[in-house]
1. Hey, with R₀ at 22 Å, roughly what FRET efficiency would GLN35 and ASN65 work out to, going by the Cβ-Cβ distance, to 0.05?
2. For segment 68-78, what does the Karplus curve 6.51 cos²θ - 1.76 cosθ + 1.60, with θ = phi - 60°, yield as ³J(HN,Hα) per residue in whole Hz, taken in order and with x for Gly and Pro?
Amino acid sequence: MLNALGVQYLHADFVFLLYNKLMRSNTSYTAIIEQDATTGYYVAYIPDLPGAHTQAETLEELKDNIKEVVELVLEENPKSKPESYFIGTQLVTI
């Protein structure tokens, strides 16, 4: 974009998104992956990131999908904060 003097500048929202992307470039999220018993599809969601969930026929496709979903969720809400944090799993034997 050009200002009144003809000097090119970046829109503040774009700069904020770019800054956020650079600052989060090394952020890791834990995805929970399950397989639907009826369809056989793999389903993934990230407990730390509300709205980050997807599905796919293969694990490779799921990996690509979940990365894309995380980028979209963070792009839509760059200040997104976790509602909870993934701690772990526990095997229960009866």
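Where a number appears in this text, it was derived from the coordinates with a stated rule and is not lab data. Model, not experiment: these values are computed from the prediction. FYI the Cβ positions are ideal-geometry reconstructions off the backbone, even for glycines, and counts take in every protein chain you see.
1. 0.90
2. 5, 5, 4, 4, 5, 4, 5, 5, 5, 9, x
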